[in-house]
Amino acid sequence: MKESDIVTELPEGWLRVKVPLPFSLKWVNSYLVPEGQGSGYTVVDPGLRTDDAVRIWGETLHERSIDWGDIVRIVLTHQHPDHYGLAGYMQEKSGAPVFITERSHRYARRLWGGGDEYGEALKALFLSHGMPAEPMRDINENLESFVARVSPQPEVAYMRAGGRLTMNGREWELIDAPGHAYGAVCLYDKSRRWMLCGDQVLPRITPNVSVVPGEEEDPLADFLGSLEQLQTYDVELALPGHRDPFTNFRERIGELRSFHARRLADMTDRLAEQPATSFELCEAMFGTHLRSNPHNLRFAMAETLAHLFHLELRGLASSRTSGGVIRYYADPREER
Ligand SMILES: [Zn+2]
């Protein structure tokens, strides 16, 4: 990518930096937000730590005559590695404080704070839902590869959903945005009607909604509830974590809500035809080719579980365990 493809100028001196990612999402949007003459920049979501990302940040700042020391604050919409990973590195270079919610930080520490409690819990979950040992081993290896991509870990300061943050001379409302990542926030500037969405609302791609061991058991309900709440906001410019800034915020939320309604209906239809494990449904819907892509397989499996948990909690499916493996059925009332 040329510099012109990597950095986009937005209104009011904002810069959108496409920080490369080594997987199918291709890039994460990082926002360089000017804090006024001589007051430096806030960086929203610096990206995943890779050699490419480090190089692109160095080049971008150099070409714009911005020193590392001009970065005065780093704000994280959520804790996923593609947003959080470079925060510690950028903090080392700039000395800037890193702001994140306490819940997001707790998750980051659990995943990358040493120990493999999370990897083991995920393995137990996926195996009990029918995933064979081999793809599971690949997923665990892939998870471990993220430790280097989020190191060093930043020293953080907490911000609170429901609170406010002054940035770019404006006051931003911090909106709790659960379901994709618990602890995530969207930031809303009412005066300009700008929404920094993180990954809660994305154009063209549907944000992943995953069952995560140790978090709430119905992330889809929380995600849909969050979308419903976000849809009440009047938004002129939405600044997402992936793809391009967009303007049809409410319409896009409508599409995301319909997508999940269709997906739930599709799954109950499939279960009515034939009971299945979560892994069988995952492969039926997303394809068996994902076995060669453990990163995407993890998301696909955890999202299939999110839909199945949601259906079961709403009484639209039921599950039975046999031989240590959980299988889902369409009609919980039917005697079997
Ligand atoms: Zn992301």
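The values are calculated or read from the model by the stated rules, or taken from the named source; none is laboratory data. Quick caveat: nothing in here was measured; it's all calculated off a predicted structure. Cβ: placed from backbone, ideal geometry, glycine included. Neighbour counts: every protein chain shown.
Taken over the stretch 226-267, the criterion of being surrounded by fewer than 16 Cβ atoms within 10 Å (Cβ to Cβ) and closer than 28 Å to residue 128 by Cα is satisfied by 259, 261, 262, 265, 266. Of the residues screened, residue 138 is one that is surrounded by fewer than 19 Cβ atoms within 10 Å (Cβ to Cβ) and in the same structural domain as residue 288 (by TED's automatic domain parsing). Output the residue which, of all residues in the stretch 1-51 that are assigned to a strand (DSSP E or B) and of a type in the set (Phe, Trp, Tyr), is surrounded by the fewest Cβ atoms within 10 Å (Cβ to Cβ). Selected residue: 27. Evaluation of residue 77 against the conditions (1) touching a strand residue (DSSP E or B) at 6+ places or on another chain (Cβ under 8 Å); (2) not in a loop (DSSP other than H, G, I, E, B) shows that the sole unmet condition is (2). For the stretch 22-40, the tally of residues that are at pLDDT below 95 and under 25 Å from the mean Cα position of the chain (by Cα) stands at 5. Given the criteria closer than 24 Å to residue 299 by Cβ and either surrounded by 18 or more Cβ atoms within 10 Å (Cβ to Cβ) or at pLDDT below 95 (or both), does residue 127 qualify? Here the answer is no, as residue 127 does not meet what is asked.
Taking the criterion of being surrounded by 15 or more Cβ atoms within 10 Å (Cβ to Cβ), modelled with pLDDT of 95 or more and not β-branched (Val, Ile, Thr), the residues of the stretch 317-333 that qualify are 317, 318, 319, 327, 328, 329.
Does the stretch 153-177 hold any residues that are surrounded by 21 or more Cβ atoms within 10 Å (Cβ to Cβ) and in contact with an Asp or Glu (Cβ under 6 Å, 6 or more places away or on another chain), and which are they? Passing the criteria: only 172.
In the stretch 41-52, which residue that is more than 18 Å from the chain's Cα centre (by Cα) and without any contact (Cβ under 8 Å) to a residue 60 or more places away in the chain is nearest to the ligand (Cβ to nearest atom)? Ranking the qualifying residues of the stretch 41-52, first place goes to 52.
When every residue of the stretch 177-191 is checked against the conditions, at least one turns out to be charged (D, E, K, R) and within 28 Å of residue 93 (Cβ to Cβ). Within the stretch 161-200, the residues that satisfy the criterion of being among the aliphatic types (A, V, I, L, M) and either more than 12 Å from the ligand (Cβ to nearest atom) or not assigned by TED's automatic domain parsing to the domain that holds residue 28 (or both) are 161, 165, 167, 174, 175, 177, 185, 187, 195, 196. In this structure, is residue 67 touching a residue at least 12 places away in the same chain (Cβ under 8 Å) and in the same structural domain as residue 177 (by TED's automatic domain parsing)? Criteria not met by residue 67.
Does residue 77 count as within 16 Å of the ligand (Cβ to nearest atom), in the same structural domain as residue 108 (by TED's automatic domain parsing) and touching a residue at least 12 places away in the same chain (Cβ under 8 Å)? So residue 77 fits the description; yes.
Checked against (1) surrounded by 20 or more Cβ atoms within 10 Å (Cβ to Cβ); (2) touching a residue at least 60 places away in the same chain (Cβ under 8 Å), residue 102 passes all but a single condition, namely (1).
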